[in-house]
Amino acid sequence: MKFLTGIVLALAALGWSTSPATDTEIDRLLQSLKTSGCKFERNGTWYEAAKAVEHLGGKRDYFRKKDKIRTPEDFIRLAATESSMSCKPYHVACPDKPVVESYAWLTAELSRIRGQQPARPQRP
């Protein structure tokens, strides 16, 4: 029994990490936002995409340490959809396009990255 407890504790200490494929897709998603020319709104303030990517990267690190991100969809849902403090949704404004919630923009972009036709995203 002590042996089994030791293994469980060792695995817990190591934590689960995201797969390389998941990390790559999230990195590509953040790079797409960074180079999009779009603005990103959180809590009523609009930011350049590069600044938004810094913020979302910090949230990604936070949720990864808590072993909450296993897929890019987890990242979008947990870190990139709304403010953890105010629960207000994030928005994306791209040139010559209507403002959309970040969930919709990021989900469509993930589909594009994966080479799929963007599905009509539903807000969680």
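The values are calculated or read from the model by the stated rules, or taken from the named source; none is laboratory data. Note that the structure is predicted; figures quoted are calculated from it, not measured. When we count neighbours, we look across all protein chains shown, and the Cβ atoms used for this are built from the backbone with ideal geometry, even at glycine. Areas reflect the complete protein model, heavy atoms only, side chains present, ligands, DNA and RNA absent. Shrake-Rupley method; radii C 1.70, N 1.55, O 1.52, S 1.80 Å.
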- Taking residue 41 as the residue in question, decide whether it is at pLDDT 95 or above, open to solvent by less than 70 Å² (accessible area, probe 1.4 Å) and of a type outside the set (A, V, I, L, M, F, W, C). yes
- Item | Options 69, 26: the member that is touching a residue at least 24 places away in the same chain (Cβ under 8 Å), in a loop (DSSP other than H, G, I, E, B) and open to solvent by less than 40 Å² (accessible area, probe 1.4 Å) | 69
- Query: Out of 51, 97, which single residue is charged (D, E, K, R) and either part of a helix (DSSP H, G or I) or in contact (Cβ under 8 Å) with a residue 60 or more places away in the chain (or both)?
  - Reply: 51
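Just a yes or no: is a residue in region 69-76 touching a Leu at 6+ places or on another chain (Cβ under 7 Å) and either more than 20 Å from residue 110 (Cβ to Cβ) or among the basic types (Lys, Arg) (or both)? Break it down into steps so the answer makes sense when it comes.
Taking region 69-76 first, the residues touching a Leu at 6+ places or on another chain (Cβ under 7 Å) are 69, 72, 76.
From what's left, either more than 20 Å from residue 110 (Cβ to Cβ) or among the basic types (Lys, Arg) (or both): none.
The answer is no, given that none of the residues of region 69-76 is touching a Leu at 6+ places or on another chain (Cβ under 7 Å) and either more than 20 Å from residue 110 (Cβ to Cβ) or among the basic types (Lys, Arg) (or both).
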